[in-house]
1. List pairs: first in the stretch 148-177 and in the same structural domain as residue 33 (by TED's automatic domain parsing), second of a type in the set (S, T, N, Q), Cβ under 7 Å, 6+ apart or cross-chain?
2. Going residue by residue through the stretch 118-138, is there one that turns out to be in a helix (DSSP H, G or I), in contact (Cβ under 8 Å) with a residue 12 or more places away in the chain and among the aromatic types (Phe, Trp, Tyr)?
3. Would you say residue 223 is modelled with pLDDT under 95 and among the β-branched types (Val, Ile, Thr)?
4. Which is in contact (Cβ under 8 Å) with a residue 12 or more places away in the chain, surrounded by 24 or more Cβ atoms within 10 Å (Cβ to Cβ) and of a type in the set (Val, Ile, Thr), of 52, 83, 41, 74?
Amino acid sequence: MPGREGMPPRRPAARPAGASQRLVAGVDEAGRGPLAGPLAVAAVILDQDRPVDGLDDSKKLSPARREALYAHIVASARAWSVVLVEVEEIDRINILQATLAGMSRAVRALGVAAEEAWIDGNQLPRDLPCPGHTIVGGDALEPAISAASIIAKVTRDRLMTALDAAWPGYGFALHKGYATRLHLEALGRLGPCPLHRQSFAPVRAALTQLSLFPGDTQAAVEV
């Protein structure tokens, strides 16, 4: 993707030499920020002989484009995996540790052993099964990480849409658990459901309001 001044994308200065000859897994997550629902973490080893055109940071792609690329990735990748880190674990160990744990699990779940993992961000999981390398903004720079971001995002979006039927009224199919005005209003009106992350401040506020005024969940959070 061109930079702001039309320059080519910035490549990480410490990118390992000879990476194209190794089995490199791109790793990324979807769902660190939402107030509700699990975290999805994916790992992808692309096939250099079957490139996927149009890969980019999943957040920059339309839902339809993400779905199309998802189908292409799963059909052509050397290996791919996606794992979910559930709300209970997120609340128990915090969202950062849950993300790092999910990244290690996703790499371990690959059907082909990765020789190296490229992680989107600036923190490396300690228990990766192979050497690792962090790349800030990697989901827009490295195709394997872009592919992982798309797999994670599509998987989580599909799940949150399905969970909307199980927990109606919150609008999960629309906002996927993010802290939109619609979601905050529903949280204040209905109170938290089991999908909500109690370690996140707006959910804690709603729980506090509910405990103080059990019969009135209105205005549990400011919107």
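The values are calculated or read from the model by the stated rules, or taken from the named source; none is laboratory data. Note that the structure is a prediction, hence the values are computed from the model and not measured. Neighbour counts run over all protein chains shown; Cβ positions are idealised from the backbone, glycine included.
1. From the stretch 148-177, the pairs are 149/58; 150/58; 153/58.
2. Within the stretch 118-138, the subset in a helix (DSSP H, G or I) is 138.
This time we only want the ones that are in contact (Cβ under 8 Å) with a residue 12 or more places away in the chain, so: 138.
Narrowing further to those that are among the aromatic types (Phe, Trp, Tyr): none.
Scanning the stretch 118-138 turns up no residue that is in a helix (DSSP H, G or I), in contact (Cβ under 8 Å) with a residue 12 or more places away in the chain and among the aromatic types (Phe, Trp, Tyr).
3. In short, yes.
4. Working: 52 fails: surrounded by 24 or more Cβ atoms within 10 Å (Cβ to Cβ); 83 fails: surrounded by 24 or more Cβ atoms within 10 Å (Cβ to Cβ); 74 fails: surrounded by 24 or more Cβ atoms within 10 Å (Cβ to Cβ).
Of the residues listed, the single one that is in contact (Cβ under 8 Å) with a residue 12 or more places away in the chain, surrounded by 24 or more Cβ atoms within 10 Å (Cβ to Cβ) and of a type in the set (Val, Ile, Thr) is 41.
Conditions (1) of a type outside the set (Val, Ile, Thr); (2) under 17 Å from the mean Cα position of the chain (by Cα); (3) under 30 Å from residue 205 (Cβ atoms); (4) assigned to a strand (DSSP E or B), marked per residue:
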| position | (1), (2), (3), (4) |
| --- | --- |
| 51 | yes, no, no, no |
| 55 | yes, yes, no, no |
| 59 | yes, yes, yes, no |
| 68 | yes, no, no, no |
| 81 | yes, yes, no, yes |
| 84 | yes, yes, yes, yes |
| 88 | yes, yes, yes, no |
| 99 | no, yes, yes, no |
